[in-house]
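Worksheet: one structure, shown below.
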Amino acid sequence: MVSAPVDFGAIRSEFGLASDYPAEAVSDARDAVDAFAGTRVDRTDIEFVTIDPPSALDLDQALHIERTPTGFTLHYAIADLGAVIVPGSALAAEAEIRGQTFYLPDGNVPLHPTVLSEGTASLLPGVDRPAALWTIELSDDAVPLTFSVTRALVRSRERFDYAQVQAAADAGTLHPSLVALPEFGRLRIEAGLAQGAISLRLPAQEVVPDGEGWRLELEPRTDADDWNEQVSLLTGMCAARIMVEHNGIGLLRTMPPPPPSAIESMRRTAAALGVRWPAEMPVGRMLAGLDANSPAALVLMSEATGLLRGASYTSLAELDEPSPEQLTHSAIGAPYAHVTAPLRRLADRFTTEICLAHCAGVEVPQWVTDGVKAAAETMRRTDAVAGKVDRACVDLTEATVLAPRVGTDFPAVVLRAANGSRPAEVFVSAPPILARCEGEPPEGETVAVRLAIADPATRTIGFEYDGAR
């Protein structure tokens, strides 16, 4: 793998990402205490475990899932930030500006001071922690029957990463708290496809350290990632149902349905590639049935990114008589809320408080009622910045790594043919790069393309195809 020194400081400056936290907010975080310590239910008897990337210390979620005679019982503990952040404090004000944690290859810009997010509020193993504890009872085919959330005291027993969980699943040695996870995950994936969910498995680029430099890799994706994702998705759907059914204060993650013209365009592409797609089959199920490593799958999943646009945060208080489309996340096929990552996202602290109040039969706290609209606006703003930061880091690494190789030929899969003023798009596997390509390479084919430009100053790369190679 080719690597090179890369300075991400300019990206931090460009997007105004200040790592230093105000001293008063850090003091608030250091002195944070559990406001509900005397009223929590003690559930330290449940053997929770966490699943996160290897280097993560901001552990938002801990889970325990078991098979029952009639289905599944899922216990999902979420770090209880609403209990330790004082409304109106310097810490609350700074979090409401930052909105979310920004992830860069050389270090994160955290939503909260790390003394809190990687320390006293993190669900680290072997210590008691305040949590918002979801209990979800599911049928034999993993359909949720009952669900609720309450404040609890929990203790995680073990910390795993995705590769460890996958290896244990393959070897038949999963931790007892996770034995039911593979079956649950497969059933929930099927349930999602049945309700129209769309999941893309395009190669994900990752910038990783390599000695004193950086290189590009394809981010590994295991079945364990997908199973664990289903736990968070299910909890978010349950949270959304609670908020929608109580009709008033709520904050949903929404996405409009794709236009029919986009689906029709995909059908034409599938037909041209020889992919069978029955008229009655939803797009999500068609994509799920493809060999993710085939050129046809890469082409169709690349085009499907155009179906998943317009994701936003919707405050229910701003909707008079919302339609189902206004409440639904089209890629999930149901109403959905971000509720499982309060250490890393501002929205989740608000949605958790709303659900806790509704389940307890009490009024939503005034600080939530007063602040939820502003929280939605902050999330919309910072989501746009986070996407640009991610892209800028990858673009800079691509251009820096490839700069010495201008004029070199690379094998590439053509994801999209040129269309009018829009150039073609290709995928080069080594190093893994998605990029524009001048010329008219044939869609869905593997061709040789030449690197025409790689400029770190403008974070620009481009390939060209002349048909002769």
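Structure values in brief
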{"read-out": "Looking only at the stretch 418-438, and only at residues there that are small (Gly, Ala, Ser) and surrounded by 20 or more Cβ atoms within 10 Å (Cβ to Cβ), the one that is farthest from the chain's Cα centre (by Cα)", "value": "424"}
{"read-out": "Residue within the stretch 116-138 that is on the phi < 0 side of the Ramachandran plot, under 20 Å from the mean Cα position of the chain (by Cα) and surrounded by fewer than 19 Cβ atoms within 10 Å (Cβ to Cβ) present", "value": "yes"}
{"read-out": "One residue from 205, 164, 230 being under 22 Å from the mean Cα position of the chain (by Cα) and free of Cβ contacts under 8 Å to residues at least 24 places away in the same chain", "value": "164"}
{"read-out": "In the stretch 407-417, residue surrounded by the most Cβ atoms within 10 Å (Cβ to Cβ) [restricted to those that are touching a residue at least 40 places away in the same chain (Cβ under 8 Å) and not in a strand (DSSP E or B)]", "value": "408"}
{"read-out": "Checking residue 294 against (1) at pLDDT 90 or above; (2) open to solvent by 10 Å² or more (accessible area, probe 1.4 Å); (3) not aromatic (Phe, Trp, Tyr), the condition it does not meet", "value": "(1)"}
{"read-out": "Qualifying positions in the stretch 444-469 - within 31 Å of the chain's Cα centre (by Cα) and part of a strand (DSSP E or B)", "value": "446, 454, 455, 460, 461, 462, 463"}
{"read-out": "Selection count, the stretch 372-381, where residues are touching a helix residue (DSSP H, G or I) at 6+ places or on another chain (Cβ under 7 Å), open to solvent by less than 20 Å² (accessible area, probe 1.4 Å) and more than 22 Å from residue 134 (Cα to Cα)", "value": "3"}
{"read-out": "Condition met for residue 441 (assigned to a helix (DSSP H, G or I) and either surrounded by 14 or more Cβ atoms within 10 Å (Cβ to Cβ) or of a type outside the set (S, T, N, Q) (or both))", "value": "no"}
{"read-out": "Residue in the stretch 112-126 that is among the acidic types (Asp, Glu) and either part of a strand (DSSP E or B) or in contact with a Gly (Cβ under 8 Å, 6 or more places away or on another chain) (or both) present", "value": "no"}
{"read-out": "From the options 385, 339, residue that is over 12 Å from residue 99 (Cβ atoms), in contact (Cβ under 8 Å) with a residue 40 or more places away in the chain and open to solvent by less than 40 Å² (accessible area, probe 1.4 Å)", "value": "339"}
{"read-out": "Leading residue by the ranking (nearest to residue 302 (Cα to Cα)) among those in the stretch 419-433 that are of a type in the set (Gly, Ala, Ser) and in a strand (DSSP E or B)", "value": "424"}
{"read-out": "Subset of the stretch 353-363 that is open to solvent by 20 Å² or more (accessible area, probe 1.4 Å) and touching a residue at least 24 places away in the same chain (Cβ under 8 Å) - its residue that is nearest to residue 311 (Cα to Cα)", "value": "358"}
{"read-out": "Odd one out for residue 390 among (1) under 22 Å from residue 462 (Cβ atoms); (2) modelled with pLDDT under 95; (3) in a helix (DSSP H, G or I)", "value": "(2)"}
{"read-out": "Neighbours by Cβ (under 7 Å, 6+ apart or cross-chain): first from the stretch 282-299, closer than 19 Å to residue 192 by Cβ and touching a residue at least 60 places away in the same chain (Cβ under 8 Å); second among the small types (Gly, Ala, Ser) and open to solvent by 30 Å² or more (accessible area, probe 1.4 Å)", "value": "284/199; 288/199"}
{"read-out": "Of all residues making up the stretch 154-172, the number that are open to solvent by 50 Å² or more (accessible area, probe 1.4 Å) and farther than 22 Å from residue 219 by Cα", "value": "5"}
{"read-out": "Per-region count, the stretch 247-279, residues in contact with a Phe, Trp or Tyr (Cβ under 7 Å, 6 or more places away or on another chain) and without any contact (Cβ under 8 Å) to a residue 60 or more places away in the chain", "value": "2"}
{"read-out": "Matching residues, the stretch 300-319, being touching a residue at least 60 places away in the same chain (Cβ under 8 Å), over 18 Å from the mean Cα position of the chain (by Cα) and open to solvent by 30 Å² or more (accessible area, probe 1.4 Å)", "value": "303, 317"}
{"read-out": "Test: residue in the stretch 393-403 that is farther than 28 Å from residue 270 by Cβ, touching a Leu at 6+ places or on another chain (Cβ under 8 Å), open to solvent by 60 Å² or more (accessible area, probe 1.4 Å) and in a helix (DSSP H, G or I)", "value": "no"}
{"read-out": "Selection status of residue 380, in a helix (DSSP H, G or I) and among the basic types (Lys, Arg)", "value": "yes"}
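Listed here are the residues, each with its yes/no results for (1) over 29 Å from residue 125 (Cβ atoms); (2) modelled with pLDDT of 95 or more.
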position	(1), (2)
174	no, yes
183	no, yes
217	no, no
241	yes, yes
251	yes, yes
259	yes, no
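The values are calculated or read from the model by the stated rules, or taken from the named source; none is laboratory data. Because the structure is a prediction, the values reported are computed rather than measured. Don't worry about glycine lacking a Cβ; one is built from the backbone with ideal geometry, like all the others, and counts go over all protein chains shown. Note: areas computed on protein heavy atoms with side chains; ligands, DNA, RNA excluded. Shrake-Rupley method; radii C 1.70, N 1.55, O 1.52, S 1.80 Å.
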